[in-house]
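Student: My questions all concern the structure below.
The values are calculated or read from the model by the stated rules, or taken from the named source; none is laboratory data. In this text, all values refer to a predicted model and were calculated from it rather than measured experimentally. Here the Cβ is made from the backbone with ideal geometry for all residues, glycine too, and neighbour counts use every protein chain on show.
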Amino acid sequence: MMRLADDRRGVALAEFALVLPFLVLLYIGGYQLCDAISAYRKVTMATKTVADLTTQFTSVSTDDVNTVLNASAQILAPYKVNSSKIIVTQVFVDDKLKSTVDWSIGKNVTGLTKGKAFDLPTAVKQPNSYIIVASIDYNYVPVIAKSLIGTIAMHDQILMGPRASVQVKMRSS
């Protein structure tokens, strides 16, 4: 009996058994954190790309804008574009610095109503100017432990001025 009390061979195994659940949780949490950060980076890159491509046009049709919005699916890969709501909008700022929607088209969501007031930061408002606004709302669903972590709502928005002309005119398809 005394010989068993002095035996220390199983201590490491017992300690490992106690620490293993914590290590597994740490590994899974670290993986999910990195994956969520990767998803957010892709949302940011897709938002910038949608705005950047749109600002290069002098005029667009609905088909042109839909092509730009569909291109964002390639940027969001391997994440599901169906989980995102992408909107590109041109906002007009009048001589009284009142900003309203000039045109708007969305993917997986309806675009904003023409003439609707649009809140822009005061710093970007210039009289009689146009601003392109691209925004993406994405619901990130974790790969592992969905019920434990839940869905993470991600949002990004970018404002850019038209580059090839004063405004990006909407023409019929």
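Student: May I ask you to list pairs of residues, at least six apart or on different chains, whose Cβ atoms are under 6 Å apart, with the first in the range 150-162 being touching a residue at least 40 places away in the same chain (Cβ under 8 Å) and the second being assigned to a loop (DSSP other than H, G, I, E, B)?
Tutor: 162/168
Student: When you go through 88, 101, 143, 133 one by one, which is the residue that is modelled with pLDDT of 95 or more, within 26 Å of residue 71 (Cβ to Cβ) and surrounded by fewer than 20 Cβ atoms within 10 Å (Cβ to Cβ)? Let's see the steps before the verdict.
Tutor: Numbers: 88 fails: surrounded by fewer than 20 Cβ atoms within 10 Å (Cβ to Cβ); 143 fails: modelled with pLDDT of 95 or more; 133 fails: surrounded by fewer than 20 Cβ atoms within 10 Å (Cβ to Cβ).
The unique qualifying residue is 101.
Student: Next question. Considering each of 93, 43 in turn, give the residue that is under 29 Å from residue 148 (Cα atoms), surrounded by 14 or more Cβ atoms within 10 Å (Cβ to Cβ) and either touching a strand residue (DSSP E or B) at 6+ places or on another chain (Cβ under 6 Å) or without any contact (Cβ under 8 Å) to a residue 60 or more places away in the chain (or both).
Tutor: 43
Student: Still on this model: Is it the case that the range 64-71 has a residue that's in contact with a strand residue (DSSP E or B) (Cβ under 8 Å, 6 or more places away or on another chain), under 29 Å from residue 165 (Cβ atoms) and of a type in the set (Gly, Ala, Ser)?
Tutor: Our first condition is that a residue be in contact with a strand residue (DSSP E or B) (Cβ under 8 Å, 6 or more places away or on another chain); within the range 64-71, this holds for 65-66, 68-70.
If we keep only those that are under 29 Å from residue 165 (Cβ atoms) too, we end up with 65-66, 68-70.
If we keep only those that are of a type in the set (Gly, Ala, Ser) as well, we get none.
No, there is no match, as no residue in the range 64-71 is in contact with a strand residue (DSSP E or B) (Cβ under 8 Å, 6 or more places away or on another chain), under 29 Å from residue 165 (Cβ atoms) and of a type in the set (Gly, Ala, Ser).
Student: Is it fair to say residue 43 is more than 19 Å from residue 143 (Cα to Cα) and modelled with pLDDT of 95 or more? Steps first, answer last, please.
Tutor: On the way: more than 19 Å from residue 143 (Cα to Cα): no; modelled with pLDDT of 95 or more: yes.
Against the criterion (more than 19 Å from residue 143 (Cα to Cα) and modelled with pLDDT of 95 or more), residue 43 does not qualify.
Student: Starting from the range 50-65, take each residue that is over 12 Å from residue 106 (Cα atoms) and free of Cβ contacts under 8 Å to residues at least 40 places away in the same chain and list its partners that are aliphatic (A, V, I, L, M) and in a helix (DSSP H, G or I), counting only C-beta distances under 6 angstrom and pairs at least six apart or across chains.
Tutor: As it stands, the answer is 53/68, since those pairs meet every condition given.
Student: For the range 111-130, state whether one or more residues are touching a residue at least 40 places away in the same chain (Cβ under 8 Å) and not β-branched (Val, Ile, Thr). Steps first, answer last, please.
Tutor: Pass one, the range 111-130, residues touching a residue at least 40 places away in the same chain (Cβ under 8 Å): 130.
Next, from what is left, pick out any that are not β-branched (Val, Ile, Thr): 130.
Yes, because at least one residue in the range 111-130 is touching a residue at least 40 places away in the same chain (Cβ under 8 Å) and not β-branched (Val, Ile, Thr).
Student: For the range 133-149, name all the residues that are in contact (Cβ under 8 Å) with a residue 40 or more places away in the chain and within 17 Å of residue 78 (Cβ to Cβ).
Tutor: First, pick out the residues of the range 133-149 that are in contact (Cβ under 8 Å) with a residue 40 or more places away in the chain: 133-145, 149.
Selection gives 136, 138, 139, 140, 141, 142, 143, 144.
Student: Failed condition for residue 118, given (1) out of contact with any helix residue (DSSP H, G or I) (no Cβ under 9 Å at 6 or more places or on another chain); (2) under 30 Å from residue 27 (Cβ atoms), with all others met?
Tutor: All conditions are met except number (2).
Okay, residues lined up against (1) under 18 Å from the mean Cα position of the chain (by Cα); (2) within 17 Å of residue 52 (Cα to Cα):
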site	(1), (2)
109	yes, no
116	no, no
119	no, no
123	no, no
129	no, no
136	yes, yes
143	yes, no
155	yes, no
164	no, yes
